[in-house]
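One structure is given here, and the rest of the page talks about it.
The values are calculated or read from the model by the stated rules, or taken from the named source; none is laboratory data. All of these numbers come straight from a predicted model, not from anything done at the bench. Cβ placement follows ideal geometry from the backbone for every residue including glycine, while neighbour counts extend to all protein chains displayed.
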Amino acid sequence: MEVIICPDADEVGRVAAAKVGQVCAAASRPVLGLATGSSPLAIYRHLQLMVGEGRLDLGRASAFALDEYVGLDPAHPESYRSVIHRTVTEPLGLDPDRVHVPDGSAEDLEQAAAGYDRAIAEAGGVDVQILGIGSNGHIGFNEPTSSFASRTRIKTLTQRTRLDNQRFFDSLEDVPTHCLTQGLGTIMDARHVVLVAQGEAKAQAVAATVEGPVTALVPASVLQFHQRATVVVDELAASRL
Ligand code: GLP
């Protein structure tokens, strides 16, 4: 695991975007793995700059988001489909037909989950997976005790995650209780992984991920087994390392 400590949150985005850009530039049809949440927004901003200045061409890129709420109208502004469209697809000028988000409103969720893993495989696998981290060490929506071998599937959100995400909704009751998320096994299949974290609220999760034992209680700690995992954090998120 390569750990890079940056002076501030914007520099985290710049360094991580450079890494993502480097992997994309080496692929003829790059496949990006996208994360939602506030942490990767700085990456997307810097990727947008790189594309705008002609330093990066994502014209042939496709992308797969990590996760989606179950039971939320896809048109809801906080559905991950909407969030990815607003924060990634539009600003980076990606082809919307090649940006995929799990279908949390499918009638048969298990089939939708299995189909999502198949679609990733058919696209040739993810070249570089962007990740944030939950305050409880989750990646995607793989909550503590998720199996390291898990594939895309339905998960129940923990109360802590629902409380963390309450800020995007009018009330706690409006926060969905379930999601579809790529599994830890799916994430580990990506050829490169770039995890970013900023702020003191993530310091404990970052320390447990990087220096703690590999345990299903800290799902991100599985990345210690990844051959090309880069963790880019600001000084606050690194404060417990
Ligand atoms: C959600 C997402 C995760 C994300 C996490 C942290 O739970 N499913 O992919 O990493 O939030 O979000 P933030 O970056 O806003 O702290």
Check your understanding: When ILE154 is evaluated against the numbered criteria (1) part of a strand (DSSP E or B); (2) within 11 Å of the ligand (Cβ to nearest atom), which criterion, by number, is the only one it fails?
Key -> (2)
Check your understanding: Which condition breaks for LYS155 when tested against (1) buried (at least 18 other Cβ atoms within 10 Å of the Cβ); (2) modelled with pLDDT of 95 or more; (3) closer than 20 Å to PRO40 by Cα?
Key -> (3)
Exercise for review: Kindly indicate which of ALA205, ALA190 is more than 30 Å from ALA25 (Cβ to Cβ), at pLDDT 95 or above and surrounded by 23 or more Cβ atoms within 10 Å (Cβ to Cβ).
Suggested key: ALA205
Point to revise | Filter pass, ARG160 being within 28 Å of SER62 (Cα to Cα), among the charged types (D, E, K, R) and either assigned to a loop (DSSP other than H, G, I, E, B) or within 11 Å of the ligand (Cβ to nearest atom) (or both) | key: no
Review point. Can you pull out the residues in segment 164-189 that are over 24 Å from GLY33 (Cα atoms) and free of Cβ contacts under 8 Å to residues at least 12 places away in the same chain?
Key: GLN166, ARG167, ASP170, SER171, LEU172, GLU173, ASP174
Point to revise | Single residue of GLU53, GLU110, GLU68 found to be among the acidic types (Asp, Glu), within 16 Å of the ligand (Cβ to nearest atom) and either under 24 Å from ILE139 (Cβ atoms) or surrounded by fewer than 16 Cβ atoms within 10 Å (Cβ to Cβ) (or both) | key: GLU68
Check your understanding: Given segment 1-115, what strands (runs of 3 or more DSSP E) lie entirely inside it while holding 2 or more residues that are within 24 Å of VAL232 (Cα to Cα), in contact (Cβ under 8 Å) with a residue 24 or more places away in the chain and over 17 Å from the mean Cα position of the chain (by Cα)?
Key -> 2-6
Review point. In segment 93-139, how many residues are touching a Gly at 6+ places or on another chain (Cβ under 7 Å) and within 15 Å of VAL31 (Cβ to Cβ)?
Key: 4
Revision key, fill the gap. Here the qualifying pairs (Cβ atoms under 6 Å; residues six or more apart or on different chains; first in segment 124-141 and in contact (Cβ under 8 Å) with a residue 40 or more places away in the chain and more than 11 Å from the ligand (Cβ to nearest atom); second basic (Lys, Arg) and part of a loop (DSSP other than H, G, I, E, B)) come out as ASP127/ARG191
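Conditions (1) more than 28 Å from GLN227 (Cβ to Cβ); (2) not in a helix (DSSP H, G or I), marked per residue:
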{"site": "ASP164", "(1), (2)": "yes, no"}
{"site": "ASP170", "(1), (2)": "yes, yes"}
{"site": "PRO176", "(1), (2)": "yes, yes"}
{"site": "GLY185", "(1), (2)": "no, no"}
{"site": "ALA190", "(1), (2)": "no, yes"}
{"site": "VAL193", "(1), (2)": "no, yes"}
Point to revise | GLU211 being of a type in the set (D, E, K, R) and under 21 Å from ALA113 (Cα atoms) | key: no
Practice item. Collect the residues in segment 23-44 that are over 28 Å from ALA208 (Cα atoms) and either surrounded by fewer than 20 Cβ atoms within 10 Å (Cβ to Cβ) or of a type in the set (D, E, K, R) (or both), keeping them in residue-number order. Key: ALA25, ALA26, ALA27, SER28, ARG29
Practice item. Give the number of residues within segment 174-232 that are more than 21 Å from ASP8 (Cα to Cα) and touching a Lys or Arg at 6+ places or on another chain (Cβ under 6 Å). Key: 7
